[in-house]
Amino acid sequence: MRYSPSRQSEGVQISSFTQADLASRNVQYIHSSESEKHSDAFSFTLSDGVNEVTQTFHITLRPVDDSLPIVQNLGMRVQEGVRKTITEFELQAVDADTEAASVTFTILQPPRHGSIERTTDGQHFQHTSTFTMDDVYQNRVRYSHDGSNSLRDRFTFTVSDGTNAFFIIEEGGKEIMTAAPQQFRVDILPVDNGTPRIVTNLGLQWLERVDGKATNLITKKELLTLDPDTEDLQLVYEITTGPKHGRVENKLQPGRAAGTFTQGGASWEMGGIYSKASLPASLNLQPQLASYS
């Protein structure tokens, strides 16, 4: 409690006062705690000089929404073509004076390779552009990937507690107040469910004589296989039946017959494949995926 001769001044802290002070409105309560408590109280003893009585004076504090949501945004990892719940460990906004059901995320730019979905009954999900922190706590929000061969996705969002448009983020070890849209990143874990498709297999139509040997370069113009889930360097051709009148060799390993080569190698002029033969050679090539341990 404080005693103030003027209602405009803060006054000094007191431990006793008189009824005359109350009549003159010289006693005031100052709320000084930063905690979000909605009540306070003090006990007092009233004395007329002879008799005493003890009572408790209760104070109700009317809350003021002056705290901002503190946002933690870590992103998530999702397997290709899979739906995954967004949890508070990946996205969270905590507001000291606002219930979780009133802290709202608004999606400004939706994901390109999936969607954000929300449920109200735990079974049926629908696309949504808003959800609350309580929805996240109750596992009612999920990201659904569309199954495309994408490695990354994202959506942008803002956060509001219903009163303040600003929120707090951590950047460089410091807390920053902002209203700027934030990016929620989604890393897609690819699933190799595609089959290699031979697009071009023209063979070698002619050979040229170099240093007394008939040879020509096999490039992707003559032999091309595509797989949407696999990089060229992991597409491996295995020679199951070699040429009868020559050999296939890697330009980087001259003089040695090659048993395998990659589409990446076939696409590089410097890492190309040669067929050396005295007569035109025919090849039986079987494309397969490289396996690594």
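The values are calculated or read from the model by the stated rules, or taken from the named source; none is laboratory data. Treat the numbers as computed from the prediction; the structure is a model and nothing was measured. With ideal geometry, Cβ positions are generated from the backbone for all residues, glycine too; neighbour counts draw on all protein chains shown.
Kindly indicate which of Gly147, Gly203, Gly212, Gly114 is assigned by TED's automatic domain parsing to the domain that holds Glu231 and touching a residue at least 24 places away in the same chain (Cβ under 8 Å). Write out each step before concluding.
Working: Gly147 fails: assigned by TED's automatic domain parsing to the domain that holds Glu231; Gly212 fails: touching a residue at least 24 places away in the same chain (Cβ under 8 Å); Gly114 fails: assigned by TED's automatic domain parsing to the domain that holds Glu231.
Of the residues listed, the single one that is assigned by TED's automatic domain parsing to the domain that holds Glu231 and touching a residue at least 24 places away in the same chain (Cβ under 8 Å) is Gly203.
Of the residues that sit in the range 83-122 and are of a type in the set (Val, Ile, Thr) and farther than 21 Å from Ile188 by Cβ, which one is surrounded by the fewest Cβ atoms within 10 Å (Cβ to Cβ)?
Among those residues, the one meeting the criterion is Thr120.
Do we find that Glu249 is surrounded by fewer than 16 Cβ atoms within 10 Å (Cβ to Cβ) and among the charged types (D, E, K, R) in this structure?
Values: surrounded by fewer than 16 Cβ atoms within 10 Å (Cβ to Cβ): no; among the charged types (D, E, K, R): yes.
No.
Does Glu99 satisfy being of a type in the set (Asp, Glu) and in contact (Cβ under 8 Å) with a residue 24 or more places away in the chain?
Details: of a type in the set (Asp, Glu): yes; in contact (Cβ under 8 Å) with a residue 24 or more places away in the chain: yes.
Against the criterion (of a type in the set (Asp, Glu) and in contact (Cβ under 8 Å) with a residue 24 or more places away in the chain), Glu99 qualifies.
Just to be sure I understand, how many residues within the range 125-170 are within 12 Å of Ala101 (Cα to Cα), among the acidic types (Asp, Glu) and at pLDDT 95 or above?
Count: 2.
Given the condition over 15 Å from the mean Cα position of the chain (by Cα), among the hydrophobic types (A, V, I, L, M, F, W, C), within 28 Å of Ile30 (Cα to Cα) and in a loop (DSSP other than H, G, I, E, B), answer yes or no: does some residue in the range 55-63 qualify? Break it down into steps so the answer makes sense when it comes.
Going through the range 55-63, the residues over 15 Å from the mean Cα position of the chain (by Cα) turn out to be 55-63.
If we keep only those that are among the hydrophobic types (A, V, I, L, M, F, W, C) too, we end up with 57, 59, 61.
Narrowing the set further to residues that are within 28 Å of Ile30 (Cα to Cα) leaves 57, 59, 61.
Then drop every residue that is not in a loop (DSSP other than H, G, I, E, B), which leaves 61.
Yes: the range 55-63 contains one or more residues that are over 15 Å from the mean Cα position of the chain (by Cα), among the hydrophobic types (A, V, I, L, M, F, W, C), within 28 Å of Ile30 (Cα to Cα) and in a loop (DSSP other than H, G, I, E, B).
Do we find that Arg77 is more than 13 Å from the chain's Cα centre (by Cα), at pLDDT 95 or above and surrounded by fewer than 15 Cβ atoms within 10 Å (Cβ to Cβ) in this structure?
no
I'm checking my understanding of the structure. Among residues of the range 166-177 that are in contact (Cβ under 8 Å) with a residue 40 or more places away in the chain and either in a loop (DSSP other than H, G, I, E, B) or buried (at least 17 other Cβ atoms within 10 Å of the Cβ) (or both), which one is farthest from the chain's Cα centre (by Cα)?
First, the residues of the range 166-177 that are in contact (Cβ under 8 Å) with a residue 40 or more places away in the chain: 166-170, 175, 177.
Filter once more, keeping what is either in a loop (DSSP other than H, G, I, E, B) or buried (at least 17 other Cβ atoms within 10 Å of the Cβ) (or both): 166-169.
Working: Phe166: 21, Phe167: 19, Ile168: 18, Ile169: 15 Å.
Result: Phe166.
Among the residues of the range 229-272, which ones are modelled with pLDDT under 50 and of a type outside the set (Gly, Ala, Ser)?
Trp268, Glu269, Met270
From the list Arg185, Arg197, which residue is touching a strand residue (DSSP E or B) at 6+ places or on another chain (Cβ under 8 Å), basic (Lys, Arg) and more than 28 Å from Ser115 (Cβ to Cβ)? Walk me through it before giving the result.
Numbers: Arg185 fails: more than 28 Å from Ser115 (Cβ to Cβ).
From the options Arg185, Arg197, the qualifying one is Arg197.
Determine if the range 1-9 includes at least one residue that is of a type outside the set (D, E, K, R), at pLDDT 85 or above, exposed (fewer than 10 other Cβ atoms within 10 Å of the Cβ) and not assigned by TED's automatic domain parsing to the domain that holds Asp95. Steps first, please.
Of the range 1-9, the ones of a type outside the set (D, E, K, R) are 1, 3-6, 8-9.
Now restrict to residues that are at pLDDT 85 or above: none.
No, the range 1-9 has no match at all.
Could you count how many residues in the range 195-236 are over 14 Å from Gln263 (Cβ atoms), in contact with an Asp or Glu (Cβ under 8 Å, 6 or more places away or on another chain) and surrounded by 12 or more Cβ atoms within 10 Å (Cβ to Cβ)?
6
Being in contact with a Pro (Cβ under 8 Å, 6 or more places away or on another chain) and surrounded by 15 or more Cβ atoms within 10 Å (Cβ to Cβ) narrows it down to one of Thr158, Thr132, so name that one.
Values: Thr132 fails: in contact with a Pro (Cβ under 8 Å, 6 or more places away or on another chain).
The conditions single out Thr158.
Could you list, ordered by first residue, the pairs with Cβ atoms under 9 Å in which the first is in the range 27-39 and modelled with pLDDT under 75 and the second is surrounded by 10 or more Cβ atoms within 10 Å (Cβ to Cβ) and among the hydroxyl-bearing types (Ser, Thr, Tyr), at least 6 apart or interchain?
Partner pairs satisfying both residue conditions: Glu36/Ser67.
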